[in-house]
Amino acid sequence: MEFKRSSGVLLPLFSLPSRYGIGTMGKAAYRFIDFLARSGQSWWQMLPVEATGYGNSPYYCLDAFESNTLFIDLDMLADEGLIKRSDIRRIDWGSDPSRVDYEKVIAGRQELFKDFSKEQLQEIFRKQWDAMREYAHSKGVGLIGDIPIYVPAESKDVKDNPGEFLLDENGVPTAVAGVPPDAFSESGQLWGNALYNWPAMKKNGYNWWIRRIGRASSLFDMVRIDHFRGFAQYWAVPYGETTAKAGHWEPGPGIDFVRTITNWFSDTLFIAEDLGVITQDVGTLLKDSGLPGMKVLEFAFDPQYDSEHLPHNHTENCVCYIGTHDNCTVKEWVEHDAPKRCLNYARQYLHITDDEGFEWGLIRAGMGSPARLFVAQMQDYLGIGAEGRINRPSTVGGNWEWRMTEDQLKEAPVKRIREITERYKR
């Protein structure tokens, strides 16, 4: 896909409507692609689609090379005669169409898939994925994926490649990943992931990373690299600590790694997630890499600062978001999260009227930004509040559950989205 001035929508695959408890690669995915095409959008951005572990987080995958079979569409399997519709109907998929009940969804899939091998399920996933992606391309829509920087210490990746990670003689991590105290958490975020042995990885030409990104580039047209700042410096927390406060910065692999990856995958488009504690070395790495970084409008409007996230400070080589999956929807931001001074500044800066409202005011700002790509959460086009929040960092429970209903997709403001997209030449 060509990376021209364009716009897209962020919607996790699990958030699609479905009768079977979770979004899949079935008819609802095709209807969503139709919505994107009719509303003039060029991109569908998703979260990682690997099999999840603790907390059902897509950023906590137990095998970086295994797809999440919860996304396999059951109706398609029934059409092929691989499972019986009567068996699907017997299962309790949950009673709330706006939330994923992971306990029921996982149990139901295990029951239906008990006669399939892991290899068969991975092949089915790939077959359905390739068909969905081909359809998206036929409608002029590209897919944006997401690579978490780390994998869990108990993952298959660490078990199979111990020399690639910082482990002691017993295979226990000497330190784990996290981030220092920030706006999301006073004690920082203790992720607990294994840390990479970057010198060892450099010796073998970053082979594990090349295989990992190669998989992503075979699924997606553009890849967002999560926590890009970890390639400049990463936060290492001694193993056994209960918070991230005791961590310290260690040097990452730097431009040698980034250039190896971008040269190897010269036909793949990348986004560098350069959010968080950004020091000069991170800015230098991003500049030297030539990759587009991210600007988030919900971070922009503090009258005390000339924030880099303000639209007048955007460059062409960046991607503008209103908020990411870790942020509020606009409605929640206005009603509960943003300080009054920030809301007043945003209203004045953008000339937001009561008739327009903050959602469409911020959409207008993103569409008009110099950024080559603008991405809005689907929830903001639907005017959804706190109930549509995808993830609250440093919290457990209630995350990764929001789902769009069939009625919400049908009622999405296609004409208004297309008009504002065309107005700003996206």
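The values are calculated or read from the model by the stated rules, or taken from the named source; none is laboratory data. This is a predicted model, so every value here is computed, not measured. All Cβ positions, glycine included, derive from the backbone under ideal geometry; neighbour counts span all protein chains shown.
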PHE32 within 21 Å of HIS137 (Cα to Cα), buried (at least 16 other Cβ atoms within 10 Å of the Cβ), modelled with pLDDT under 95 and not charged (D, E, K, R): no
For SER18, indicate whether it is in a loop (DSSP other than H, G, I, E, B), free of Cβ contacts under 8 Å to residues at least 12 places away in the same chain, small (Gly, Ala, Ser) and within 17 Å of GLU401 (Cα to Cα). no
For region 251-273, check the following and say yes or no: at least one residue is in a loop (DSSP other than H, G, I, E, B), closer than 28 Å to ASN317 by Cα and in contact with an Asp or Glu (Cβ under 6 Å, 6 or more places away or on another chain). yes
Does PRO173 satisfy being in contact (Cβ under 8 Å) with a residue 60 or more places away in the chain, more than 20 Å from ALA51 (Cβ to Cβ) and surrounded by 15 or more Cβ atoms within 10 Å (Cβ to Cβ)? yes
Here is a check on your reading of the model: is ARG347 under 26 Å from the mean Cα position of the chain (by Cα) and among the basic types (Lys, Arg)? no
Subset of region 59-115 [more than 25 Å from ARG215 (Cα to Cα), touching a residue at least 40 places away in the same chain (Cβ under 8 Å) and either of a type in the set (Phe, Trp, Tyr) or not in a loop (DSSP other than H, G, I, E, B) (or both)]: ASP75, ILE88, TRP93, ARG99, TYR102, LYS104, VAL105, GLY108
Looking only at region 303-335, count every residue that is charged (D, E, K, R), in contact (Cβ under 8 Å) with a residue 12 or more places away in the chain and closer than 20 Å to ILE352 by Cβ and tell me the total. 3
Being out of contact with any Leu (no Cβ under 9 Å at 6 or more places or on another chain) and closer than 22 Å to ILE144 by Cβ is the filter here; which residues of region 248-258 pass it? PHE257
Starting from region 355-379, take each residue that is without any contact (Cβ under 8 Å) to a residue 40 or more places away in the chain and list its partners that are surrounded by 19 or more Cβ atoms within 10 Å (Cβ to Cβ) and of a type in the set (Asp, Glu), counting only C-beta distances under 7 angstrom and pairs at least six apart or across chains. GLU359/ASP380
Looking only at region 201-224, and only at residues there that are of a type in the set (D, E, K, R) and free of Cβ contacts under 8 Å to residues at least 60 places away in the same chain, the one that is surrounded by the fewest Cβ atoms within 10 Å (Cβ to Cβ): LYS203
